[in-house]
Amino acid sequence: MQSKKRNVLFSGRAHDVWLEFCSCELEPVTLIRYRLWPATPHLPQTAISVDLLRQFAALQLECGVSLRGITLAFHKSNACWKTVELYRKLTNESFEEFKHWQFKRETVRKLPPLTSDGTKCPLCPQENGHQIIAADALFGLPRKISSGTSIEGPKHAGRFFCDQDKVDCFVGGASDTPTEGCLGFRAGDALRSKTQKLHITGVLGMACRHEHPLKFLNLKRGEKLANPVFLLGDLKAMSLMVPGM
């Protein structure tokens, strides 16, 4: 065992804490055993309390506060120079990895048949009955081609968002006539749509009557009938819709 001093951020303030590390495992693993989240995956010098990060994640979900706003409020309530760089430490994918780690812990903890990844509505009929679904598109979430790509794949692939390659293949093979493809309006007109510099123009989603999200897909053009058709087919394939609907 070897004692090392690390900067640790708790909900109250920052401390320089001496921690015991063993050469038999990596330092980030030991920090997690102490309920401390390492700021970096390799030789972390700063660790953040798991309880503090859980509060940050809850504020984002319930209040819609940005991570920068949360860290600024934390710095003002803890007048310490060690909290100034908290936002920079969390934006290097550290906070996203923490939320994904927390999600995996919460889903693995439950045993079958109670295991759920949160994609099914607990109030909708599970065996018999009717499921009411509403669909809508939001074109306020575009993504530019110049935004770049991630070196890693999606952390929640297959949960809420449909596979984009399958969506592109299905939509590309659909009819482009105004009548059959439902393209007789301005939003679906390829000549009028300004999508040359956009990789994604919007998001199409479906939710049940209990406002529980079911499935989403990225739009690469304006509105087109093939998009909701694919979304309904994907819902049926994933057995999210009750039989006989």
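Just a few scattered comments:
- Hypothetical label at PHE216: residues of the stretch 48-81 whose amide nitrogen lies under 18 Å (7 Å Cα-Cβ projection): 57-67
- Along the stretch 93-105 the Karplus relation, 6.51 cos²θ - 1.76 cosθ + 1.60 evaluated at θ = phi - 60°, assigns HN-Hα couplings of 6, 5, 5, 5, 5, 5, 5, 5, 5, 5, 4, 5, 5 Hz to successive residues, with x for each Gly and Pro.
- Diffusion coefficient, µm² s⁻¹, Stokes-Einstein with Kirkwood Rh over alpha-carbon pairs of the stretch 2-108 at 4 °C and 1.567 mPa s: 91
- Annotation: amide H-H contacts under 5 Å for LEU219 (H modelled 1.01 Å from N, sequence separation of 5 or more, or interchain): THR201, GLY202, VAL203, LEU204.
- Extension gain from LEU72 to THR91, taking 0.36 nm per residue of separation minus the Cα-Cα distance: 5.5 nm
- Where labels lie 7 Å past Cα in the beta-carbon direction, separation of GLN102 and GLU127 in nm: 3.6
- Sequence-ordered 3J(HN,Hα) estimates for the stretch 49-61 from the Karplus curve with 6.51, -1.76 and 1.60 and θ = phi - 60° stand at 4, 4, 5, 5, 5, 5, 5, 4, 5, 5, 5, 5, 6 Hz, glycine and proline given as x.
All of the numbers you see were taken from the coordinates with simple rules; none came from a lab. Please read these numbers as outputs of a predicted model, since none were measured by experiment. Neighbour counts are summed over all protein chains in view; Cβ atoms, including those assigned to glycine, are modelled from backbone coordinates with ideal geometry.
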